[in-house]
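Notes follow the structure.
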Amino acid sequence: MTQPTLFVAGAGGKLGRRVVELLRERGYPGKIIAGSRHPEKLDFPGVETRKADFSDPAGFTDALAGVDRVLIISTDVIGEARIRLHTDAVAAARAAGVKRILYTSLPHPEPGSIIPMAADHYATEQAIKATGIDYTILRNSWYTEGLLGSLPAAIASGKWYTAAGEGLISHVSREDTAKAAAGALIADAPGSRVFTITGPEALTVRELAAIASEVTGKPIEVVDVSDEQYAAGLQQAGFSADLAALLTTFEIGHRRGLLSMVTDAVEELWGEKPTTVREFLTANRAALTPAA
Ligand SMILES: NC(=O)c1ccc[n+]([C@@H]2O[C@H](COP(=O)([O-])OP(=O)(O)OC[C@H]3O[C@@H](n4cnc5c(N)ncnc54)[C@H](OP(=O)(O)O)[C@@H]3O)[C@@H](O)[C@H]2O)c1
């Protein structure tokens, strides 16, 4: 039987690159095509590359010629333009006659979410559903990698300021979201599914701080602040007002348990258990306490 031809759009990004590599590591016997705005920069031996720029829907439609399944990785574009890019990508997939659309979304994107990007994801999900084509939506929780951005300062100062209260969050490593996407591309299950892609546990900030303390040997005191104090603290630390406001919505989402769901989707799709926060931080200990 001929194996479906797979197309990974956004293969130049961190997630897309790993999806292509994982498909190859697993020995996918069919054709894999890696798409990017800059295909000349891709370096996957033996993998065909094509240009994939959602801002050129006609070009993207051409790039999808002969493709059975396409993974549309949500772009890093902020604002209104993002919905257009994503819905144009979906329309291109439809025009090209692909048989399955896969898309990376976020948990609970429905209207009413405090997270501004949720609206982009919801609009894209709706556009995909409206095509009538089989789909797999991968609602990725927050990357565990995000902790590598925020924890070093908390470890250095010994204080973790938070407005998340006792809210729970289930971080998932980018590697595990790549495994879920690669597994979903390969899977022959017919029909449409929505998966929430999470790590194996949901933790409060206090629990995350305790793990980080144990891994690094450095004490971290969790300091509860209001949303306003949190945003003001970020601005004092040099963040723009817009970015501070965005990051504060993440704290509110955390507090409300928007990202608290724990699923076995990574294991179901790839056959391996996802990484715990403790495992991830232990493997990345050097990045948490940079040498003085
Ligand atoms: N769950 C989380 O915590 C979290 C955190 C950050 C971001 N995200 C989302 O997850 C996505 C993947 O994460 P990542 O770590 O791989 O981010 P990344 O390395 O910043 O990758 C950005 C992605 O956007 C694609 N892109 C941008 N403009 C595009 C366009 N006009 N047409 C087609 N593709 C375009 C890039 O594709 P090429 O460069 O190959 O063209 C690349 O795949 C991000 O783009 C973002 O939507 C999730």
- Query: Distance in nm between label sites at ARG206 and LYS14, each 7 Å beyond Cα in the beta-carbon direction?
  - Reply: 3.0
- Message: Restricting to Cα pairs below 8 Å that are 6+ residues apart, what does the relative contact order work out to for segment 96-230? Please round to a whole percent.
- Response: 29
- Express the Stokes-Einstein translational diffusion coefficient of the chain in µm² s⁻¹, to the nearest whole number, given a Kirkwood radius over alpha-carbon pairs, 20 °C and a viscosity of 1.002 mPa s. 107
- Item | Highest-MSF residue in the chain out of ASP176, ASP120, ASP43 [GNM, Cα springs under 10 Å] | ASP43
- For VAL194, what charge total do you get from the other residues with a beta carbon under 14 Å from its beta carbon, if Lys and Arg give +1 and Asp and Glu give -1? 0
- Query: Sorted by mean Cβ packing within 10 Å, highest first, what order do the peptides 84-92, 205-213, 67-75, 223-231 take?
  - Reply: 67-75, 84-92, 205-213, 223-231
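Using Cα pairs closer than 8 Å and at least 6 residues apart in sequence, work out the relative contact order for segment 6-140, in percent.
With pairs under 8 Å counted, the relative contact order is 21 percent.
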- Query: Which cross-chain or sequence-distant (5 or more) residues have an amide H under 5 Å from the amide H of MET117, H modelled 1.01 Å from N in plane?
  - Reply: none
- Item | Gaussian network model of the chain, Cα within-10 Å springs - most flexible of GLY167, GLY199, GLY146 | GLY146
- As a Kirkwood estimate from alpha-carbon pairs, segment 148-205 has a hydrodynamic radius in angstrom of 14.3
- Work out how much length ARG278 to ALA232 would gain on full extension: take 0.36 nm times their residue separation and subtract the Cα-Cα distance, in nm to one decimal. 13.5 nm
- Neighbours of SER213 by Cβ distance under 14 Å: Lys/Arg at +1, Asp/Glu at -1, summed charge +2
- Message: Given the -39500 (n - 2.57) contribution per DSSP H run of 4+ residues, what per-residue ellipticity at 222 nm results for the chain, rounded to the nearest 500 deg cm²/dmol?
- Response: -13500 deg cm²/dmol
- Positive end of the charge dipole of the chain (Lys, Arg +1 and Asp, Glu -1 on Cβ, about the Cα centre): tell me which of LEU148, ALA81, VAL19 has its Cα farthest that way. VAL19
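Where a number appears in this text, it was derived from the coordinates with a stated rule and is not lab data. In this text, all values refer to a predicted model and were calculated from it rather than measured experimentally. Counting neighbours? That spans all protein chains shown, and the Cβs are built from the backbone with ideal geometry, glycine included.
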